[in-house]
1. Going through GLN192, GLN248, GLN253 one at a time, which residue ends up being polar (S, T, N, Q), more than 20 Å from ILE46 (Cβ to Cβ) and either out of contact with any Pro (no Cβ under 7 Å at 6 or more places or on another chain) or surrounded by 18 or more Cβ atoms within 10 Å (Cβ to Cβ) (or both)?
2. Can you tell me how many residues in region 69-96 are closer than 21 Å to TRP194 by Cβ, in contact with an Asp or Glu (Cβ under 8 Å, 6 or more places away or on another chain) and modelled with pLDDT of 95 or more?
3. Scan region 47-60 and tell me whether some residue there is in contact (Cβ under 8 Å) with a residue 12 or more places away in the chain, closer than 24 Å to ALA176 by Cβ, surrounded by fewer than 16 Cβ atoms within 10 Å (Cβ to Cβ) and out of contact with any His (no Cβ under 6 Å at 6 or more places or on another chain).
4. From the list VAL210, VAL174, which residue is closer than 27 Å to ARG53 by Cβ, buried (at least 22 other Cβ atoms within 10 Å of the Cβ) and without any contact (Cβ under 8 Å) to a residue 40 or more places away in the chain?
5. Can you name the residue in region 150-171 that is hydrophobic (A, V, I, L, M, F, W, C) and surrounded by 13 or more Cβ atoms within 10 Å (Cβ to Cβ) and, of all such residues, is nearest to MET81 (Cα to Cα)?
6. Among (1) crowded, with 21+ Cβ neighbours inside 10 Å; (2) modelled with pLDDT under 95; (3) in contact with a Lys or Arg (Cβ under 7 Å, 6 or more places away or on another chain), there is one condition LEU25 misses while meeting the rest; what is its number?
7. Read through the list (1) surrounded by fewer than 19 Cβ atoms within 10 Å (Cβ to Cβ); (2) touching a residue at least 24 places away in the same chain (Cβ under 8 Å), then give the number of the only condition that VAL216 fails.
8. Restricting the search to region 84-126, which residues are under 30 Å from PRO54 (Cβ atoms) and either in contact with a Gly (Cβ under 7 Å, 6 or more places away or on another chain) or part of a helix (DSSP H, G or I) (or both)?
Amino acid sequence: MVTLRWLASSVAPSDLPRHTPANTLLYAVGDIHGRIDLLDTLLLGIEVHAHQRPQCTVVVIFLGDYLSRGQDSRGVVERVMHWRPALAQPCRVVALKGNHEDLALRYLAGDLEAGKHWFDYDGLDALRDYGVSPRDEITLTALRDAFSTALPLAHLAFLKSLPVSHREQDYHFVHAGVRPGVALEDQTAQDQMWIRKRFLESEAEHGAIVVHGHSVSLEPQVRANRIGIDTGAYASGVLTCLVLEGSQHRFLQAVGPAKLHAPKAEDTQSSQE
């Protein structure tokens with residue numbers, strides 16, 4: 001069973017007030033990784049909460065990593081592509097590209113090393129969700145061809161269309177983070193999908209609060225310059241959504257069954273860039 005819970009706001013020290021656009025309610029959803037069970041419950045919670053703010057425009061931002069690890073990568077992609085809340089007020093849905101989508105697309109384009117890297121990060125789970133069962137004797141090229149055939153054209157077009165960042169007034173949304181010391185408009189796609197240690201350890205002001213996933217922590221991480229919301233849903237059974245309204249923030253979480261193993265070391269806050 002999956003349930004919903006709210007976490008009380010935590011406040012990071014900052015001399016700069018942060019705000020969403022006027023009369024706008026922002027929801028940012030962390031790394032899903034195939035956990036369609038958690039996603040469906042979280043989306044219901046977002047819809048119920050947004051109904052209580054009929055005066056607000058609603059923006060829902062998915063931070064990437066729809067693929068791999070959980071039980072239904074294909075179902076997650078389908079849901080993110082087509083879900084729209086039944087609301088009377090205006091609503092926009094923005095889906096960003098994560099490093100798993102980056103690896104999948106590079107592999108499909110013929111980069112076999114990207115495929116190897118992806119499979120080290122449980123990319124084979126995504127292939128199985130699309131009906132591709134790898135065998136010991138199959139080559140990377142043959143496996144790529146089978147995945148290309150199994151992947152619906154609409155899904156491929158969706159993955160290719162994903163931007164790597166989104167800005168809403170004082171908040172900058174990305175999958176992984178930004179490179180300290182580089183203006184937001186000059187950030188590379190590579191850094192915004194992949195950076196970790198250098199960004200996480202920086203106390204620099206980035207020009208906006210950076211809302212990100214990619215690096216797993218047990219609880220949402222609130223700092224003066226960033227908010228991290230990857231709570232390792234694929235292993236922990238906790239999918240986190242940051243809710244921003246005006247100068248306030250809260251966290252809505254879908255909580256369900258956890259896997260027996262912990263998140264991979266390379267996904268955690270302490271791993272290298």
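The values are calculated or read from the model by the stated rules, or taken from the named source; none is laboratory data. Bear in mind that the values here come from a model prediction, so they are computed numbers and not experimental data. Cβ placement follows ideal geometry from the backbone for every residue including glycine, while neighbour counts extend to all protein chains displayed.
1. GLN192
2. 1
3. Within region 47-60, none of the residues are in contact (Cβ under 8 Å) with a residue 12 or more places away in the chain, closer than 24 Å to ALA176 by Cβ, surrounded by fewer than 16 Cβ atoms within 10 Å (Cβ to Cβ) and out of contact with any His (no Cβ under 6 Å at 6 or more places or on another chain).
4. VAL210
5. Only one residue fits best here, namely PHE158.
6. So LEU25 meets the others, but not (2).
7. For VAL216, the failing item is (1).
8. LEU96
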